[in-house]
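Asker: Would you mind keeping the following structure in view while I ask a few things?
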Amino acid sequence: GDEADPKIILGNLHARGVTLALPAIAGEALSFRLWQPGDTLTEGKFGTREPRSGSRSVTPSVVIVPLLAFDAHGHRLGYGKGYYDRTLRHLRGKGRVDLCKVAVAFGGGGHKNASGCNLRGPVRDVARRLADAVAAVLPSK
């Protein structure tokens, strides 16, 4: 199968005034560069698209990770060379957002970041509800 396309949720978050950043390969991990809909993306390593190298780097509060599936322990299965896995290990200690609150908004339990979530409904409705839940737990600007 294909990994989920995050464009819909990013559009919903942008409409709520959330600051967005997209990943760019930086050595063996990812950096996150500021981005908003309409900004130009350049070709990155492995044919990925990423914000221009001059875009400001930031540390994200929440990372929306592309994946094919995850297990009850939160281990993800996706395409690639482990960039997200290495980056997430690095970011876990810097977390400023209680992701349990996002999971609970969708009936989640088990693994604190996702397991048991119920994301039923049309994709656009789920993206809107997920954007609401994420925006509700982000630190105030």
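The values are calculated or read from the model by the stated rules, or taken from the named source; none is laboratory data. None of the values given here were measured: they were computed from a predicted structure. Counting neighbours? That spans all protein chains shown, and the Cβs are built from the backbone with ideal geometry, glycine included. All accessible areas refer to the heavy atoms of the entire protein, side chains included, with ligands and DNA or RNA removed. Shrake-Rupley method; radii C 1.70, N 1.55, O 1.52, S 1.80 Å.
Asker: Can we say R89 is in a helix (DSSP H, G or I) and either more than 26 Å from R124 (Cα to Cα) or at pLDDT 85 or above (or both)? Write out each step before concluding.
Answerer: Numbers: in a helix (DSSP H, G or I): yes; either more than 26 Å from R124 (Cα to Cα) or at pLDDT 85 or above (or both): yes.
Yes; evaluated as a whole, the condition is true for this residue.
Asker: Sticking with this structure for a sec: Could you list, in sequence order, all residues of the range 28-59 that are charged (D, E, K, R) and assigned to a strand (DSSP E or B)? Break it down stepwise before answering.
Answerer: Narrowing the range 28-59 to residues charged (D, E, K, R): 28, 33, 39, 43, 45, 49-50, 52, 56.
Listed by number, the residues that qualify are R33, E43, R49, E50.
Asker: Now for a different question. Residues in the range 39-46: is at least one aromatic (F, W, Y) and surrounded by 12 or more Cβ atoms within 10 Å (Cβ to Cβ)? Spell out the reasoning first.
Answerer: Initial filter on the range 39-46 (aromatic (F, W, Y)): 46.
Next cut, surrounded by 12 or more Cβ atoms within 10 Å (Cβ to Cβ) only: none.
Scanning the range 39-46, I find no residue that is aromatic (F, W, Y) and surrounded by 12 or more Cβ atoms within 10 Å (Cβ to Cβ), so the answer is no.
Asker: In the set E28, E50, which member is among the charged types (D, E, K, R), within 21 Å of D85 (Cα to Cα) and open to solvent by less than 50 Å² (accessible area, probe 1.4 Å)?
Answerer: Numbers: E28 fails: open to solvent by less than 50 Å² (accessible area, probe 1.4 Å).
Just a single option satisfies the conditions, and that option is E50.
Asker: Determine, yes or no, whether T48 is of a type in the set (V, I, T) and farther than 19 Å from L138 by Cα. Walk me through it before giving the result.
Answerer: Numbers: of a type in the set (V, I, T): yes; farther than 19 Å from L138 by Cα: yes.
Spelling it out, T48 is indeed of a type in the set (V, I, T) and farther than 19 Å from L138 by Cα.
Asker: Next question, about the same structure. In the range 22-44, what count of residues is obtained for those that are farther than 17 Å from V63 by Cα and modelled with pLDDT under 90?
Answerer: Qualifying residue count for the region: 3.
Asker: Right, something else. Select, from T19, T59, the only residue that is at pLDDT below 90 and touching a Lys or Arg at 6+ places or on another chain (Cβ under 8 Å). Break it down into steps so the answer makes sense when it comes.
Answerer: Details: T19 fails: at pLDDT below 90.
Step by step, each of T19, T59 is checked, and only T59 is at pLDDT below 90 and touching a Lys or Arg at 6+ places or on another chain (Cβ under 8 Å).
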